[in-house]
Amino acid sequence: MTSELFSSLFLSAEKLANLVSLGYETMTPVQANSLPAILEGKDMIVRAKTGSGKTAAFGIGLLEKINPRFFGAQCLVLCPTRELADQVGKEIRRLARAVPNIKLVLLCGGKPWASGGLSGTWRTHRGRNAGSGSGSCS
């Protein structure tokens, strides 16, 4: 990749402004090597140390593929631990601030629904009831 600036990517002005507001101006080496391929829709396996920018790279890529006008599940991210799931969810929420109508639900085993701030049921975009069982939503 010739440029390591996020502005060199084909992202909307709103998404670029959000990245700048989050302190993302220059891509990390992991992001510079993976984001162009991710944005082209290629499958990637990326191994790198904690803090290298992997979450932002795949988060930016998945948000590019989301259609905010479609009210249904469009992406599933699996994490091996509750702590990592929480970190990934928080970062994707931050990255999604410039995308209207994005809904993110975090489900983790071992916690009751109510601990996630829900009463046991919640409404999806289409108004159907969802949920009872174990999990945590935020």
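Summary of computed values
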| item | result |
| --- | --- |
| Lone unmet requirement of (1) of a type outside the set (S, T, N, Q); (2) in contact with a helix residue (DSSP H, G or I) (Cβ under 8 Å, 6 or more places away or on another chain); (3) closer than 20 Å to Tyr24 by Cα; (4) surrounded by fewer than 16 Cβ atoms within 10 Å (Cβ to Cβ) for Gly41 | (3) |
| Considering residues of the stretch 67-97 that are aliphatic (A, V, I, L, M) and part of a loop (DSSP other than H, G, I, E, B) only, the residue farthest from Lys15 (Cα to Cα) | Leu78 |
| Flag for Arg97 being in contact (Cβ under 8 Å) with a residue 40 or more places away in the chain, surrounded by fewer than 17 Cβ atoms within 10 Å (Cβ to Cβ) and among the basic types (Lys, Arg) | yes |
| Residue in the stretch 75-86 that is under 22 Å from Ser21 (Cβ atoms) and among the aliphatic types (A, V, I, L, M) present | no |
| Of residues in the stretch 17-27 being touching a Leu at 6+ places or on another chain (Cβ under 8 Å) and part of a helix (DSSP H, G or I), the one surrounded by the fewest Cβ atoms within 10 Å (Cβ to Cβ) | Asn18 |
| Subset of the stretch 46-66 [outside any helix (DSSP H, G or I) and at pLDDT 90 or above] | Val46, Arg47, Ala48, Lys49, Thr50, Gly51, Ser52, Gly53 |
| Residue within the stretch 28-37 that is touching a residue at least 12 places away in the same chain (Cβ under 8 Å), over 17 Å from the mean Cα position of the chain (by Cα) and assigned to a loop (DSSP other than H, G, I, E, B) present | yes |
| Which listed residue is of a type in the set (A, V, I, L, M, F, W, C), more than 25 Å from Leu106 (Cβ to Cβ) and surrounded by fewer than 17 Cβ atoms within 10 Å (Cβ to Cβ), from Leu5, Leu84, Leu76 | Leu5 |
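The values are calculated or read from the model by the stated rules, or taken from the named source; none is laboratory data. Note that the structure is a prediction, hence the values are computed from the model and not measured. We place every Cβ from the backbone using ideal geometry, glycine too, and count neighbours over all the protein chains shown.
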